[in-house]
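Colleague: One structure is given below, represented as structure tokens, and several questions about it will come after.
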Amino acid sequence: MTQSYLDHVTATLSQIDADGMLKRERLITSPQGGQVEVAGREVINLCANNYLGLADHPDLIAAAQNAMGPKGFGMASVRFICGTQDIHRKLEQKLAAFLGKDDSILFAACFDANGGLFEPLFGKEDAIISDALNHASIIDGIRLCKAKRYRYANSDMTDLEGQLKLARDEGARFIMIATDGVFSMDGYLAKLDEISALAQKYDAMVMVDDCHATGFMGPKGAGTPAHAGVDVDILTGTLGKALGGAIGGYIAGPKPVIDLLRQRARPYLFSNSLPPSIVAAGIKALELVEQGDDLRARLFENTAYWRAGLERLGFDLLPGEHPIVPVMLGEAQLAQDMAARLFEEGVYVSGFFFPVVPRGQARIRTQMNAALTRDDLDRALAAFKVAGQACGVI
């Protein structure tokens, strides 16, 4: 690699740092949980996607360990060559039953699931209409597809209907509406009842990425469609958040669709199978989730308590009911400074800023989980008060 190119990359990094947008990683030396150890200190963790607190659950750890003896460490192959064990199908069938779908298909991550979804299913005669705030993986997956692309303003049903009319007027053969179930930077829920009604009106299909909902939103944690009381055509999601926090994604839907994806979804065809330990822990995680009404109740009790506490202190919050509670700060450097001061006070959070969120909308995205105690939340609120006053936020 030439020195001139390395100089260019170094200059780019320096500019990112100067703009207050350099992302830094802290080394955690403990299991993921409501509290974690960082640099020899125990801090309250308010920025993990560990919604139900299962990431260090002893039953999941035991399931993963126990699987390695009879099933091995890794598959060393893709699924269709020699990478499918009986437990892969068991997990897929269990996921499908949990979500109320015919079948499901596993991927290394939901990023891969979304990346592999659209291209095998839709051609240039078709149309995909995407919410403007959809996750990057949906955006990338749509880019790989030859279908005509349309976009509607976030949760704007008038705009969505306009795009549906336009796609129909332009002769689209099949139309798919693609949306996050929960928009993860804001904690907003998609208007799936209205989206489903419009889809029916215009003979369109609906795809939902439910990564930030599976396991805890809706009855028995079945996700945002269950929460909204609707059925959707295709669900994508992850094992890497509420379902244990490891890795692995999936697509669930009608059996012919899943069968076609097994034949043509490139991330499925060209990536190693999930290792047996992850699969076994995923099966156990679903069992815990199905019996997890107490965890879901605690999660939403924590969410209401935390939101009310931050509002009393005078922080600017985005409204919502989801365990994602964004504290709005505006500028990237302020978000960085606030996160650093909170860490000094014993609270682990991360600042979010461009390009993750629009310029001028930097924030600290706090996230509740069922493992947090009332004492954790009270100590975190005290830390937010100190840091907020020190940074001039409140």
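Colleague: Taking only pairs six or more apart or across chains, which ones have beta-carbon atoms under 7 Å, a first residue in the stretch 100-111 that is closer than 15 Å to Thr214 by Cα, and a second residue that is open to solvent by 30 Å² or more (accessible area, probe 1.4 Å)?
Modeller: What qualifies is Ala109/Ile247.
Colleague: Could you list, in sequence order, the residues of the stretch 163-188 that are over 14 Å from Ala153 (Cβ atoms), open to solvent by 10 Å² or more (accessible area, probe 1.4 Å) and part of a loop (DSSP other than H, G, I, E, B)?
Modeller: Glu170, Gly171, Ala172, Arg173, Phe174, Ser184, Met185
Colleague: Let me ask something else about it. Can you tell me which residues in the stretch 27-70 are out of contact with any strand residue (DSSP E or B) (no Cβ under 7 Å at 6 or more places or on another chain) and β-branched (Val, Ile, Thr)?
Modeller: Answer for the stretch 27-70, where residues must be out of contact with any strand residue (DSSP E or B) (no Cβ under 7 Å at 6 or more places or on another chain) and β-branched (Val, Ile, Thr): just Ile61.
Colleague: Consider the stretch 2-26. How many of its residues are touching a helix residue (DSSP H, G or I) at 6+ places or on another chain (Cβ under 9 Å) and either surrounded by 11 or more Cβ atoms within 10 Å (Cβ to Cβ) or aliphatic (A, V, I, L, M) (or both)?
Modeller: 6
Colleague: Considering each residue of the stretch 337-392, count those that are open to solvent by 40 Å² or more (accessible area, probe 1.4 Å), more than 16 Å from Leu46 (Cβ to Cβ), of a type in the set (A, V, I, L, M) and part of a loop (DSSP other than H, G, I, E, B), and give that number.
Modeller: Qualifying residue count for the region: 1.
Colleague: Another question, if that's okay. Please state which of the following conditions Ile247 fails to meet, knowing it meets all the rest: (1) among the aliphatic types (A, V, I, L, M); (2) touching an Asp or Glu at 6+ places or on another chain (Cβ under 6 Å); (3) in a loop (DSSP other than H, G, I, E, B).
Modeller: (2)
Colleague: Of the numbered conditions (1) on the phi < 0 side of the Ramachandran plot; (2) surrounded by fewer than 23 Cβ atoms within 10 Å (Cβ to Cβ), Met207 fails exactly one; give the number of that condition.
Modeller: Single failed check for Met207: (2).
Colleague: Restricting to the stretch 59-101, and then to whatever is among the acidic types (Asp, Glu) and open to solvent by 50 Å² or more (accessible area, probe 1.4 Å), can you tell me which residue is nearest to Asp259 (Cα to Cα)?
Modeller: Of everything passing the filter in the stretch 59-101, Asp86 is nearest to Asp259 (Cα to Cα).
Colleague: Another question, then. Restricted to the stretch 264-277, and to residues that are in contact with a helix residue (DSSP H, G or I) (Cβ under 6 Å, 6 or more places away or on another chain) and not in a helix (DSSP H, G or I), which residue is farthest from Gly115 (Cα to Cα)?
Modeller: Once the filter is applied, the top-ranked residue is Ser273.
Colleague: Could you tell me whether Leu121 is touching a residue at least 24 places away in the same chain (Cβ under 8 Å), out of contact with any strand residue (DSSP E or B) (no Cβ under 7 Å at 6 or more places or on another chain) and either open to solvent by 20 Å² or more (accessible area, probe 1.4 Å) or under 23 Å from Thr236 (Cα atoms) (or both)?
Modeller: The answer is yes for Leu121.
Colleague: For residues that are touching a Lys or Arg at 6+ places or on another chain (Cβ under 9 Å) and part of a strand (DSSP E or B), scanning just the stretch 229-244, find the one that is nearest to Ala109 (Cα to Cα).
Modeller: Leu235
Colleague: Mind listing just one residue for me: the one in the stretch 124-137 that is open to solvent by less than 10 Å² (accessible area, probe 1.4 Å) and of a type in the set (A, V, I, L, M, F, W, C) and, of those, nearest to Pro358 (Cα to Cα)?
Modeller: Ile129
Colleague: With Ala280, Ala226 as the choices, which residue is in a helix (DSSP H, G or I), at pLDDT 95 or above and under 30 Å from Ile81 (Cβ atoms)?
Modeller: The unique qualifying residue is Ala280.
Colleague: Quick one: is Asp140 free of Cβ contacts under 8 Å to residues at least 24 places away in the same chain and surrounded by fewer than 16 Cβ atoms within 10 Å (Cβ to Cβ)?
Modeller: no
Colleague: If you don't mind, another one. I'd like to know if the stretch 296-307 contains one or more residues that are over 30 Å from Val393 (Cβ atoms) and either open to solvent by 10 Å² or more (accessible area, probe 1.4 Å) or at pLDDT below 95 (or both).
Modeller: Here is the first cut: in the stretch 296-307, the residues over 30 Å from Val393 (Cβ atoms) are 296-297.
Restricting the remaining residues to those that are either open to solvent by 10 Å² or more (accessible area, probe 1.4 Å) or at pLDDT below 95 (or both) gives 296-297.
Checked the stretch 296-307: at least one residue is over 30 Å from Val393 (Cβ atoms) and either open to solvent by 10 Å² or more (accessible area, probe 1.4 Å) or at pLDDT below 95 (or both).
Colleague: Looking only at residues that are at pLDDT 95 or above and not hydrophobic (A, V, I, L, M, F, W, C) in the stretch 315-329, which one is nearest to Thr366 (Cα to Cα)?
Modeller: In this case the residue turns out to be Pro326.
The values are calculated or read from the model by the stated rules, or taken from the named source; none is laboratory data. The model shown is predicted, which means the values in this text are computed figures rather than measured ones. With ideal geometry, Cβ positions are generated from the backbone for all residues, glycine too; neighbour counts draw on all protein chains shown. Note: areas computed on protein heavy atoms with side chains; ligands, DNA, RNA excluded. Shrake-Rupley method; radii C 1.70, N 1.55, O 1.52, S 1.80 Å.
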